[in-house]
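Chemist: The following block contains the structure, expressed as structure tokens.
The values are calculated or read from the model by the stated rules, or taken from the named source; none is laboratory data. Treat the numbers as computed from the prediction; the structure is a model and nothing was measured. Heads up, the Cβs are rebuilt from the backbone with ideal geometry, glycines too, and the neighbour counts pull from every protein chain shown. Note: accessible area is taken over every heavy atom of the protein model, side chains too, but ligands, DNA and RNA are not part of it. Shrake-Rupley method; radii C 1.70, N 1.55, O 1.52, S 1.80 Å.
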Amino acid sequence: SCIYLDFIFIFNMPVCLLPILTAIVTLTSCSDWFDVTSNSEIREKDHYSTETGFQQSLIGCYIGMADDALYGKTLSWHALEILAHQFTLVNETSSTQVEHQLQSYLYKGVYINTIIEDIWAKSYNVIVNTNEALKNIDEKRDIFDDTNYHVIKGELLAIRAYIHLDLLRLYGYGNWANRSTQLNDKLTIPYVTTVSKDITPQATGAETLTYIQNDLKEAADLLREYDPITKKHGEDFYAGINTEGFYKNRTLRLNYYAVKALQARAYLWEGSQESKAKALEAAEEVISFIDKGGFNSKTLNTYVNLLKAGEINASNTSLANEQLFALSVPQLTDKLASYILPNYQDQNVQAMYLQKDAALDLYENISTDVRFTQLLTQSNSATTAGYTPLKVYQSSSLSEYNKDKLSLIRLPEVYYIASECCASATIPNTTKALKYLNTIRQNRGIYNDLENLEPIDILTEIGKEYHKEFLSEGIMFYYYKRTNATTIPNFSKEMSDTEYLLPYPDFELQSGRVQ
């Protein structure tokens, strides 16, 4: 049997008033560390008296991240995709009030306002849980096997950085490469590193990104020699401490290479030439890992590699092999039921699909691009005949490895980051930029390589590739915001901070926050 930890999340309290959260455990038989937990109370001091308690806390944080208000729905395939106008617009009905307010950027509407407040509150709840474990881990260093200590602490720091970065990307400004004054002077989110009733001061954008990178650097340093995915040790090295499967499914955790990819994402968000050089360095470390064969372990149930075009089919439409970091989301089929509907009918008013002409325009190489031929399916609806994305759809044809997983960082993003950094450098390296971009295109079945392009044209092609690649993954809203896109598909107005900037929740403004 395994012991699991879930947390009581207090959803409606300001960050400044969040208490130390009560831990809950349950004993249950298991096949891995991502089953759902139930409730029975234990005391903190007892909980953190063993390595198992810290393992439970870590897994509890991932379970918290998979909440519908966070990456189980809102910040992956649903709200962020609607904000980016990825799919056909919905008409306003009693069933689509949330979606209509999202696509119209009516941030003070009653439905979307609840979503915005839940993102903030539940994100900081997970952060408090990571901080509580981090507060205890060094005090209890002597109870740890060396490997468990490094991996658990590294992942906790990475979770804290991951969530703060997304809060910054949502509630802070984009286009910081051209906004150095706002980056350095304007207050943004609080970066919370303690469990306290005291208010954590807001930090500037520059300070927040420094905190994020400091946590990620420490996480990478801790994981480098101990994470199985780095192959510093053989799999036998983990046998004695993997009795409950804690070291399985490394891509369902913030492993070392996921941390490097997150470093690249964060540096690119800041956008200065200095930061882009660091983003390129981090991205190229991940690319080198893939060039050397990635990671394939049946024992640890972990597989990381770029899929070839011919390998993408109905059994792996979630592209799980390419996921550097994903979350396990139980009952994902039920969550998707009203939204991702192959062969949707006109009365399915919440259906997320591309109209036929939009799909044909987006995928220019429709006869060979597997993102069109394998990852979309055309409805047999008599009137609309649009295309439904299959990336998160839980088809009965999916292999077990591909089921119930939502991607948070996938390999193509790393290649696109590397390509963009090369193309937009002070002295552009267009050869490398095209190499990284063409690598993904080839693996998607586009064999006519891009050649002899100017840097600005490479950046245009990167934008097109992002749009083709990341349907249903919650990526494009951030891309448009970071690059200051003034026009986006399916939206007639000019995009600006009004649309890109999620407002702080009322309970934070009332407690003295400023935006």
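Chemist: What's the number of the only condition in (1) within 21 Å of residue 128 (Cβ to Cβ); (2) surrounded by 22 or more Cβ atoms within 10 Å (Cβ to Cβ) that residue 227 fails to meet?
Modeler: Failed condition: (1).
Chemist: In region 369-380, which residue that is closer than 24 Å to residue 461 by Cα and in a loop (DSSP other than H, G, I, E, B) is most open to solvent (accessible area, probe 1.4 Å)?
Modeler: 374
Chemist: Here's something else I'd like to know. Does region 188-214 hold any residues that are in contact (Cβ under 8 Å) with a residue 12 or more places away in the chain, open to solvent by 10 Å² or more (accessible area, probe 1.4 Å) and within 24 Å of the chain's Cα centre (by Cα), and which are they?
Modeler: 191, 193, 194, 202, 204, 206, 207, 209, 211, 213 - these are the residues of region 188-214 that are in contact (Cβ under 8 Å) with a residue 12 or more places away in the chain, open to solvent by 10 Å² or more (accessible area, probe 1.4 Å) and within 24 Å of the chain's Cα centre (by Cα).
Chemist: Name the pairs whose Cβ atoms lie under 6 Å apart, with the first residue in region 420-437 and touching a residue at least 60 places away in the same chain (Cβ under 8 Å) and more than 16 Å from residue 269 (Cα to Cα), the second open to solvent by 30 Å² or more (accessible area, probe 1.4 Å) and in a helix (DSSP H, G or I), and 6 or more positions between them or separate chains?
Modeler: 426/273
Chemist: Could I ask something else about it? Collect the residues in region 182-220 that are closer than 23 Å to residue 279 by Cβ and among the aliphatic types (A, V, I, L, M), keeping them in residue-number order.
Modeler: 183, 189, 203, 206, 209, 212, 216, 219, 220
Chemist: Any idea how many residues of region 53-89 are assigned to a loop (DSSP other than H, G, I, E, B), open to solvent by 20 Å² or more (accessible area, probe 1.4 Å) and β-branched (Val, Ile, Thr)?
Modeler: Qualifying residue count, region 53-89: 1.
Chemist: Within the group 444, 482, 513, which residue is more than 27 Å from residue 204 (Cα to Cα), in contact (Cβ under 8 Å) with a residue 40 or more places away in the chain, open to solvent by less than 70 Å² (accessible area, probe 1.4 Å) and basic (Lys, Arg)?
Modeler: The conditions single out 444.
Chemist: Which condition does residue 199 not pass, out of (1) more than 25 Å from residue 485 (Cα to Cα); (2) part of a helix (DSSP H, G or I); (3) among the aliphatic types (A, V, I, L, M), if it passes all the others?
Modeler: Only one criterion is unmet by residue 199, namely (2).
Chemist: Could you tell me which residue of region 101-146 is surrounded by the most Cβ atoms within 10 Å (Cβ to Cβ), considering only residues that are assigned to a helix (DSSP H, G or I) and of a type in the set (Lys, Arg)?
Modeler: 122
Chemist: How about region 231-258: which of its residues are in a helix (DSSP H, G or I), open to solvent by 20 Å² or more (accessible area, probe 1.4 Å) and out of contact with any Leu (no Cβ under 6 Å at 6 or more places or on another chain)?
Modeler: 235, 236, 237, 239, 240, 241
Chemist: Ok, one more. Between residues in region 220-232 that are under 14 Å from residue 292 (Cα atoms) and residues that are of a type in the set (S, T, N, Q) and open to solvent by less than 10 Å² (accessible area, probe 1.4 Å), which pairs lie under 6 Å by C-beta distance while being six or more apart or on different chains?
Modeler: If the second residue must be of a type in the set (S, T, N, Q) and open to solvent by less than 10 Å² (accessible area, probe 1.4 Å), the pairs left are 229/255.
Chemist: Filter region 150-180 down to the residues that are closer than 20 Å to residue 64 by Cα, more than 14 Å from the chain's Cα centre (by Cα) and open to solvent by 10 Å² or more (accessible area, probe 1.4 Å) and list them by number.
Modeler: Hit for region 150-180 is 153, nothing else.
Chemist: How about region 387-502: which helices (runs of 4 or more DSSP H) wholly inside it have at least 3 residues that are basic (Lys, Arg) and closer than 24 Å to residue 285 by Cα?
Modeler: Of the helices (runs of 4 or more DSSP H) lying wholly inside region 387-502, those with at least 3 residues that are basic (Lys, Arg) and closer than 24 Å to residue 285 by Cα span 430-443.
Chemist: Shifting gears a bit: Within region 233-245, count every residue that is out of contact with any strand residue (DSSP E or B) (no Cβ under 9 Å at 6 or more places or on another chain) and either under 17 Å from residue 159 (Cα atoms) or not hydroxyl-bearing (Ser, Thr, Tyr) (or both).
Modeler: 8
Chemist: Among the residues of region 294-302, is any open to solvent by less than 60 Å² (accessible area, probe 1.4 Å) and of a type in the set (D, E, K, R)?
Modeler: Among the residues of region 294-302, not one is open to solvent by less than 60 Å² (accessible area, probe 1.4 Å) and of a type in the set (D, E, K, R), which makes the answer no.
Chemist: For region 310-317, state whether one or more residues are open to solvent by less than 20 Å² (accessible area, probe 1.4 Å), among the aliphatic types (A, V, I, L, M), closer than 15 Å to residue 252 by Cα and at pLDDT 95 or above.
Modeler: No, every residue in region 310-317 fails to be open to solvent by less than 20 Å² (accessible area, probe 1.4 Å), among the aliphatic types (A, V, I, L, M), closer than 15 Å to residue 252 by Cα and at pLDDT 95 or above.
Chemist: Is at least one residue of region 456-473 touching a residue at least 24 places away in the same chain (Cβ under 8 Å), open to solvent by 60 Å² or more (accessible area, probe 1.4 Å), touching a helix residue (DSSP H, G or I) at 6+ places or on another chain (Cβ under 9 Å) and aromatic (Phe, Trp, Tyr)?
Modeler: The answer is no, given that none of the residues of region 456-473 is touching a residue at least 24 places away in the same chain (Cβ under 8 Å), open to solvent by 60 Å² or more (accessible area, probe 1.4 Å), touching a helix residue (DSSP H, G or I) at 6+ places or on another chain (Cβ under 9 Å) and aromatic (Phe, Trp, Tyr).
Chemist: Which helices (runs of 4 or more DSSP H) sit wholly inside region 268-368 and have at least 3 residues that are among the hydrophobic types (A, V, I, L, M, F, W, C)?
Modeler: Passing ranges, in order: 273-291, 356-362.
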